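Asks: Sharing a structure with you now.
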Amino acid sequence: MEMKFRHLWCALLLAIMATAAQASRASLRRVETDLVSSSQTSMGTFLDGFNSILDIAEDIYTRVHGYIDGQGRRQEEGRKNPPNKGHLWALLIAGSAGFGNYRHQADVAHSYHVLHNGGVPDEHIIVMVYDDIAHNPANPHPGKIINHPKGKDLYAGLPKDYTRDQVNVKNFLAVLKGDAQSVQKGPHASGRVIEAGKDDRIFLFYSDHGAPGLLGMPTGEFLFADQLHDAIRHRHETHGFKEMVLYIEACESGSMFEGMLEDNVNVYATTASNGQESSWGVYCPGMHPSPPPEYMTCLGDLYSVSWMEDADSNDISLESLQEQFERVRKRTSNNYTFVQGSHVMEFGEMEIDQEPVSWYLGDSGYTNHALLQGETEIPHALHEKNMLHGAVEQRDADLMPLIMAARDTKNPSSQSMAQETLERERYVRKNLDSNIEETMRRVVSRIRNTTNGILEHDVVVNHHIAPPQGRALVSDWDCLRNMMYMWESKCGPLGQYGMKHSRAFANICNLGLSHLDIQDVLSC
């Protein structure tokens with residue numbers, strides 16, 4: 001009896017210490033968001049180390065909590081069926097097209113099966129994909145899509161509500177807001193929208209290219225951060241959901257929420273990267289694990305496959321969003337080294353992250369989904385240190401099919417053609433970068449002449465100049481839109497590569513200039 005009480009007192013002490021560490025983490029995560037957003041990398045490195053200590057403390061907390069409270073399992077089971085849970089709605093969108101972007105549509109196809117296997121009815125899942133991958137001539141297995149080197153076909157059974165040119169900003173916002181009247185009608189649009197009510201939850205997953213303050217679409221205009229937040233705010237003000245969770249896979253995706261997402265609108269978001277860095281493609285040729293040799297493209301994105309493979313291999317009714325966030329964060333950062341990895345971020349109402357993942361991905365119970373060929377679960381080794389070797393920055397991953405074709409094609413004529421195409425694409429990118437840089441050089445020269453300020457053009461191109469008000473990328477979003485539209489009207493589309501220069505245009509706005517001030521200095 002004495003030994004039992006001694007163990008109990010030790011457990012209580014450890015629980016108090018670990019609970020304090022857990023509270024510290026909540027505060028730390030808010031601080032980390034601010035610091036990483038401000039590019040204070042040295043402090044960010046310290047926080048990464050401190051997070052490792054907190055990981056140990058939270059592991060102690062989890063074990064001790066179970067020792068102290070014999071009712072823990074029943075409490076966890078109670079999370080499966082919360083009172084007044086309502087229904088779950090999901091919007092899944094791949095914002096790209098082309099075989100070089102195979103991974104984005106593969107991510108979305110995988111996400112559909114996660115929700116479908118979790119018991120979410122198809123009537124509550126809306127899928128937006130360009131749908132040019134499964135039957136693409138470059139696909140070595142026509143009619144099939146995989147998201148893992150040993151993955152099963154994910155195209156079979158995939159509903160497609162919006163495809164081709166109907167995957168655009170207008171339809172995306174209309175679907176998210178539940179505005180059926182504003183959906184563009186056409187043969188590639190089902191017209192379905194999210195019909196969630198005040199007791200319902202919404203899950204949104206987006207996978208594609210991003211840039212500071214915007215996300216890509218396969219057709220038409222970019223999606224700007226203020227447009228996304230206006231749609232969220234509209235639903236919140238009209239009682240269009242109880243809580244919403246967003247998972248965003250894109251470069252600089254943290255900039256979609258930094259300084260913008262309030263913590264009182266019942267929304268929680270995580271992003272593949274902070275506001276200054278690339279996200280990463282994975283399962284690419286020449287890496288480990290590699291795709292089957294006949295594939296010349298990346299099969300998935302690191303952040304995306306991390307959260308989905310976590311969902312595939314765990315009972316998500318017993319896993320909180322915060323626990324999944326930490327696991328995904330660790331894997332996507334390459335075990336906190338950030339070598340071929342990125343800073344997974346979180347924003348919004350942090351209390352939501354204590355809720356079970358199943359409330360947003362389906363709660364039919366753990367069924368061992370087995371999305372790998374001939375296997376019953378995701379190999380545990382994929383989640384361990386140093387077992388995933390290699391990832392490719394998003395914008396470079398697009399070139400992977402061309403690189404592999406130029407390197408491995410047996411036919412000399414086809415190899416030569418692939419090499420020419422690759423060199424042409426690299427030239428286009430280099431020329432665009434040079435034109436943007438020269439334009440910013442002229443802008444800086446004009447500013448110096450009028451203000452006698454000391455400013456270098458590379459600062460405008462590569463760094464963040466804070467807006468006059470707030471912490472977002474820019475305070476005047478109309479200015480940013482006009483800047484980019486003006487460039488595209490005179491110099492041509494920026495595209496999924498050139499969109500990265502949105503930071504330079506945002507900086508010009510933050511310096512107090514308008515698109516009219518620079519229209520005569522564009523270099524293109």
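The values are calculated or read from the model by the stated rules, or taken from the named source; none is laboratory data. What you see is a predicted model; the values in this text were computed from it and never measured. So basically every Cβ, Gly included, is an ideal-geometry build from the backbone, and we count neighbours across all protein chains shown. Just the protein is used for accessible areas: all its heavy atoms, side chains included, with ligands, DNA and RNA removed. Shrake-Rupley method; radii C 1.70, N 1.55, O 1.52, S 1.80 Å.
Asks: Cα atoms only, the stretch 253-367: Rg and Dmax in Å?
Replies: Spelled out, the Cα radius of gyration and Dmax of the stretch 253-367 are 15.3, 49 Å.
Asks: Report the dimensions of the stretch 129-277 along its three principal axes from the alpha-carbon atoms, largest first, rounded to Å.
Replies: That works out to 48, 37, 28 Å along the principal axes.
Asks: Where Lys and Arg each count +1 and Asp and Glu each count -1, what net charge lies around LEU302 among other residues with Cβ under 9 Å from its Cβ? If you can, show how the numbers build up before the last one.
Replies: On the way: positive: ARG331; negative: GLU249, ASP301.
Taking every other residue near LEU302 into account, the sum is -1.
Asks: Give or take rounding to whole Å, what are the principal axis extents of the alpha carbon atoms in the stretch 420-516, in descending order?
Replies: Between the extreme Cα coordinates on each principal axis of the stretch 420-516 lie 45, 25, 23 Å.
Asks: Cα to Cα, under 17 Å, and not fewer than 8 places away if on the same chain: which aspartates and glutamates meet these conditions relative to LYS185?
Replies: ASP161, ASP165
Asks: Over the stretch 114-271, what is the percentage of antiparallel beta bridges among all DSSP beta bridges, to the nearest 5?
Replies: Just about 30 percent of them are antiparallel.
Asks: How would the stretch 135-204 be classified by its alpha-carbon gyration tensor: rounded, prolate or oblate, with rounded meaning a/c under 1.5 and the a/b versus b/c comparison settling the rest?
Replies: Numbers: a/c = 3.23, a/b = 1.69, b/c = 1.91.
Oblate, since a/c reaches 1.5 and b/c is not below a/b.
Asks: Excluding residues on the same chain fewer than 8 positions from LYS490, give the aspartates and glutamates whose Cα lies under 14 Å from its Cα.
Replies: ASP520
Asks: Using just the Cα positions, wrap the stretch 101-141 in a convex hull and report its mean projected area in square nanometres, one decimal place.
Replies: That works out to 3.3 nm².
Asks: Take the cross-link list LYS170/LYS198; LYS85/LYS198; LYS150/LYS410; LYS177/LYS242 and give me the ones stretching past 21 Å between alpha-carbons.
Replies: LYS170/LYS198; LYS150/LYS410
Asks: Rank ALA156, ALA272, ALA196 by how far each Cα sits towards the positive end of the charge dipole of the stretch 135-282 (+1 on Lys, Arg Cβ; -1 on Asp, Glu Cβ) and give me just the farthest.
Replies: Of the candidates, ALA156 comes out farthest on the positive side.
Asks: Can I ask one more? Quick one: net charge around ARG164, please, counting Lys, Arg +1 and Asp, Glu -1 for every other residue with C-beta under 11 Å from its C-beta. Could you put the intermediate results ahead of the total?
Replies: Numbers: positive: LYS160; negative: ASP131, ASP132, ASP165.
Its environment carries a net charge of -2.
Asks: Another question about this same structure. What does the charge add up to near CYS509, with Lys and Arg as +1, Asp and Glu as -1, over the other residues with Cβ less than 12 Å from its Cβ?
Replies: Here the charged neighbours net out to -1.
Asks: Okay, moving on. Under a 5 Å amide H to amide H cut-off, with H placed in plane at 1.01 Å, what residues pair with GLY151 once short-range neighbours are removed?
Replies: Residues meeting the criterion, in which the H sits 1.01 Å from N, are GLN373.
Asks: Moving on to the next point. Non-local amide H neighbours of TRP89 (under 5 Å, H modeled in plane, Pro and chain starts lacking H): which ones?
Replies: ARG201, ILE202, PHE203
Asks: Rounded to the nearest whole Å², what accessible area per residue is found for the stretch 88-238 with the 1.4 Å probe?
Replies: Values: 4810 Å² over 151 residues.
For the stretch 88-238, the solvent-accessible area averages 32 Å² per residue.
Asks: Taking all pairs of different Cα atoms in the stretch 181-253, averaging 1/r and flipping that mean, what Kirkwood radius in angstroms comes out?
Replies: Values: mean 1/r = 0.0721 Å⁻¹.
Kirkwood hydrodynamic radius for the stretch 181-253: 13.9 Å.
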